[in-house]
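Novice: Got a structure for you, questions after.
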Amino acid sequence: MNKEDTIIGEFFDNCARDGFMAEFDEKERIKLDSLFSIMQIEKSIRIFEPGCGTGRLSEVLAETVGESGAVVSCDLSSVMIDKARSRKLPDNVEFYCGSAHECPAKDAYFDMVFAFQVYPHFSDREATLAEFKRILKPGGDLWIAHLASRQTINDRHHEAGGPVISHKIPTRDEMNADLSAFSFELLDMKDSDYYWLHARKQD
């Protein structure tokens, strides 16, 4: 990890110790269920989940893809990863402490990348999107999602201060430009009571 990733990891170590993002509350679960109905995640696929936190989504993804699928999840925070591993999820779920732009998977291994509540925290977005391009199969899906609107997320990070004070979800035009530079086509996006974006790696 680079120096900035280490600082961000330490920030989220403290969040984990304070019980931040331990489980989904009822309102969050309703939004997540709505998102999953849109995503239509298939059984048996392989998913890379950067910024997995305590593994609360990893657990849902493991149930969704089933025993024949696979989930590889990472986080910059060692405390978050410890909490995720303590869930004792099935063998088809793998956790590692490290950066999203240093995934140990081989080329074109994953069917989907699901960046959940993490995109603003990528210290090097170009390197991260390049890595997503490398590890996704041709036609693979990239989903970016948050359980609040873009403006709400950006305001929360500004109010939190510290290393996340400037961490923002880009505008649609900025996001589209970033994705296009790494051969991703922006298919759809929603920004209301929660935020999601769906892009696809072009063949």
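The values are calculated or read from the model by the stated rules, or taken from the named source; none is laboratory data. Everything numeric here is computed off the predicted structure, so don't read it as measured data. Cβ sites come from the backbone with ideal geometry, for glycine too, and all protein chains shown count toward neighbours. The protein model used for the area step is the full one, side chains on, heavy atoms only, and it has no ligands, DNA or RNA in it. Shrake-Rupley method; radii C 1.70, N 1.55, O 1.52, S 1.80 Å.
Novice: Given +1 on the Cβ of Lys and Arg, -1 on the Cβ of Asp and Glu, and no further charges, what dipole in debye does the chain carry about its Cα centre, rounded to the nearest 20?
Specialist: 160 debye
Novice: Follow-up. In region 47-147, if the dipole is taken from +1 on Lys/Arg beta carbons and -1 on Asp/Glu beta carbons about the Cα centre, which of 122, 140, 112 is farthest to the positive end?
Specialist: Checked the options; the winner is 122.
Novice: A further question follows. Which whole-number percent is the relative contact order of the chain (Cα, under 8 Å, 6+ apart)?
Specialist: Computed value for the chain: 18 percent relative contact order.
Novice: Projecting each Cα onto the charge dipole of the chain (Lys/Arg +1, Asp/Glu -1 at the beta carbon, about the Cα centre), which of 32, 157, 62 comes out farthest on the positive side?
Specialist: 62
Novice: Quick one: work out the % antiparallel among DSSP beta bridges in the chain, nearest 5.
Specialist: 40 percent
Novice: Considering only protein heavy atoms, what per residue accessible area in square angstrom results for the chain with a 1.4 angstrom probe?
Specialist: I get 47 Å² per residue for the chain.
Novice: When the Kirkwood hydrodynamic radius is evaluated over all pairs of different C-alpha atoms of region 104-193, what value in angstrom, to one decimal, is obtained?
Specialist: Evaluated over region 104-193, this radius sits at 14.0 Å.
Novice: If I compute solvent accessible area with a 1.4 Å probe over the protein chains, what percent of it on region 1-151 is carbon and sulfur?
Specialist: The computed percentage sits at 47.
Novice: By a straight-distance test (C-alpha under 19 Å), which lysines pair with residue 43 as possible cross-link partners, with residues fewer than eight away in the same chain excluded?
Specialist: Residue 43 reaches 137.
Novice: Net charge around residue 57, counting only other residues with Cβ within less than 15 Å of its Cβ (Lys, Arg = +1; Asp, Glu = -1)?
Specialist: So the surrounding residues net to -3.
Novice: Let me ask you something else. Against the empirical 2.2 N^0.38 Å scaling, what ratio does the C-alpha Rg of the chain come to?
Specialist: Normalised by 2.2 N^0.38 Å, the Cα Rg of the chain equals 0.94.
Novice: Could you sort the peptides 86-99, 44-57 by per-residue average Cβ neighbour count (10 Å cutoff), highest mean leading?
Specialist: Per-residue mean Cβ counts within 10 Å order the peptides as 44-57, 86-99.
Novice: While we're looking at this one, here's another question. PRE reach from residue 108 (point 7 Å along Cα→Cβ): which of region 127-157 fall under 13 Å by backbone N?
Specialist: The answer is 134-140, whose backbone nitrogens lie closer than 13 Å to the label point.
Novice: Treating only the Cβ atoms of Lys and Arg (+1) and Asp and Glu (-1) as charged, compute the dipole magnitude of region 141-181 about its Cα centre; round to the nearest 20 debye.
Specialist: Once rounded to the nearest 20, the dipole reads 100 debye.
Novice: Compute for region 19-86: radius of gyration divided by Kirkwood radius, i.e. Rg/Rh, restricted to C-alpha atoms, rounded to two decimals.
Specialist: Ratio of gyration radius to Kirkwood radius for region 19-86: 0.97.
Novice: Want the number for residue 1 to residue 180: 0.36 nm per residue separation, take away the alpha-carbon distance, what's left?
Specialist: Gain on extension, residue 1 to residue 180, equals 61.9 nm.
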